[in-house]
Amino acid sequence: MSKEVVAISQKLQTTSKRRMAMAKRLIYMNMGVYLLMSIGELLIGQFGHATVLIADGKNNLTGVLSSVLLLVGLHFSVIPRDDVHQEGHWQYETIAVFLAGIIMDLVGLNCLWSAGQSIIVIMNGQTASIRIITGYAAAISGTLMLVVSQINQLIGKRTNDSALIASARDSLSDAFTSYGTMIAIFLAYWFHIGWFDSLATLLLGVYIIINGNQIVSASAEKLSNGFNPSLQTQIRHYISQTPNVHHVDYVNGRYTGDNIIIETEIQIDNSLTTTASYQLCKRIEAGVQKQFPVLYCCIQIRPSTLDSDELK
């Protein structure tokens with residue numbers, strides 16, 4: 001099959017590749033910060049007998065794994081389209097985000113397991129005093145994660161990149177969990193409440209699972225050809241406003257990565273020639289690709305069923 005069969009928006013392809021390059025640079029930064037913080041928290045957590053800090057370190061370790069997955073996904077997503085993949089390889093980015101969410105869920109379950117083990121140890125009377133340094137480590141981690149989240153959110157919104165937006169959400173949740181970890185450690189240290197550390201670990205595990213499920217749900221919706229009804233309505237309205245379009249029978253949309261593929265059927269003026277009908281379709285396609293992040297627009301036409309009185 002010829003590569004020209006599918007009329008892909010070249011402008012959107014170029015924009016998407018630039019967006020991917022920007023995302024890669026930020027994800028490398030994320031990976032470095034997460035790696036340093038996770039190693040630091042795991043070591044200090046062991047030294048300071050803070051189960052919740054160890055759980056937070058495991059949570060930040062998922063940031064490293066997620067970053068690796070996103071980098072792999074971004075690498076494959078910019079591969080030029082071929083005879084087999086006429087629409088390109090943009091779905092790799094969504095697959096990477098989906099897998100990153102799965103990893104978050106698994107780490108959340110691990111935190112629940114660790115909390116359960118810690119509670120059993122406390123019930124057996126085998127406890128060790130938390131050291132205050134673990135609280136300071138959690139505070140530093142939370143501040144760094146908050147900065148990383150804001151950077152990712154800013155660039156992700158500007159470029160409409162789901163990988164960066166997911167990374168920003170992940171980093172923000174990590175910042176909150178680190179601050180929550182800090183509070184739990186200080187309370188356990190000041191008031192000598194040994195079980196509070198385990199309770200905080202349990203709550204942290206639940207929070208990680210909730211955030212992981214949100215990421216999995218959003219990416220699974222794209223992978224299963226789900227589409228935003230509000231955006232579908234906007235595109236339908238835009239097409240219906242085009243001169244010589246009498247009615248829009250349907251608009252179906254799906255995602256390939258962060259880009260959109262549209263299939264629509266329209267009723268047009270019966271008097272239009274084949275050439276005029278073709279030019280109308282190209283005008284609609286160009287307009288839709290200009291107004292929305294549409295990679296490809298497939299337009300089917302048929303003669304209008306409305307009579308002349310209804311058109312007046």
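Brief remarks follow.
- Per the Kirkwood formula applied to alpha carbons, the chain shows a radius of gyration over Rh ratio, Rg over Rh, of 1.16.
- Taking the Cα centre of region 117-273 as reference, the dipole from Cβ charges on Lys and Arg (+1) and Asp and Glu (-1) amounts to some 480 debye.
- Relative contact order [Cα under 8 Å, 6+ residues apart], region 122-216, whole percent: 33
- Most mobile of Gln150, Gln91, Gln234 in a GNM of the chain (Cα contacts under 10 Å): Gln234
- Environment charge of Arg302, counting only residues whose C-beta is closer than 10 Å and scoring Lys/Arg +1, Asp/Glu -1: -2
- Formal net charge of residues neighbouring Thr62 (Cβ-Cβ distance under 14 Å; K, R +1; D, E -1): -3
- Look at the alpha carbon pairs under 8 Å that are at least 6 residues apart: their mean separation over the length of the chain gives a relative contact order of 20 percent.
- Largest GNM mean-square fluctuation across Arg254, Arg302, Arg236, computed for the chain with C-alpha springs under 10 Å, falls on Arg302.
- For the chain: lysine pairs under 21 Å (alpha-carbon distance), excluding those fewer than 8 apart on one chain: 14
- Largest mean-square fluctuation among Leu272, Leu109, Leu204, in a Gaussian network model of the chain whose springs join Cα atoms under 10 Å apart, belongs to Leu272.
- Taking label points 7 Å from Cα along the Cα-to-Cβ direction, Ser217 and Leu231 give a separation of 1.8 nm.
- In region 229-311, the alpha-carbon atoms span a convex hull of 83 Å³ per residue.
- Theoretical FRET efficiency, 1/(1+(r/R0)^6), r = Cβ-Cβ of Cys298 and Ile132, R0 51 Å, to 0.05: 0.20
- Highest mean packing comes first when the peptides 214-220, 135-141, 68-74 are listed by Cβ atoms within 10 Å, giving 135-141, 68-74, 214-220.
- Each label point was placed 7 Å from the Cα along the Cα-to-Cβ direction; for Val206 and Leu43 their separation is 3.4 nm.
- Neighbour counts of other Cβ atoms within 10 Å put Ser198, Ser118, Ser230, Ser66 in the fewest-to-most order Ser230, Ser118, Ser198, Ser66.
- For Thr242, distant residues with modelled amide H under 5 Å away: none
- The ranking of Thr275, Thr134 from fewest to most other beta carbons within 10 Å of each one's beta carbon is Thr275, Thr134.
- Of all DSSP-defined beta bridges confined to region 229-311, some 55% are antiparallel rather than parallel.
- Here the peptides 28-39, 52-63 are ranked by packing, the mean other Cβ count within 10 Å, and the order with the highest first is 52-63, 28-39.
- Extension gain, Arg18-Val68: 0.36 nm per intervening residue step, less the Cα-Cα distance, totals 16.1 nm.
- Rounded to 10°, Cα long-axis angle of helix 10-48 versus longest principal axis of the chain: 10
- Selection from Thr305, Cys281, Tyr28 lying farthest towards where the dipole of the chain points positive, charges on Cβ: Tyr28
Read the figures in this text as sums done on the coordinates, not as results from a lab. Nothing here was measured: the structure is a model prediction, and the numbers come from that model. Don't worry about glycine lacking a Cβ; one is built from the backbone with ideal geometry, like all the others, and counts go over all protein chains shown.
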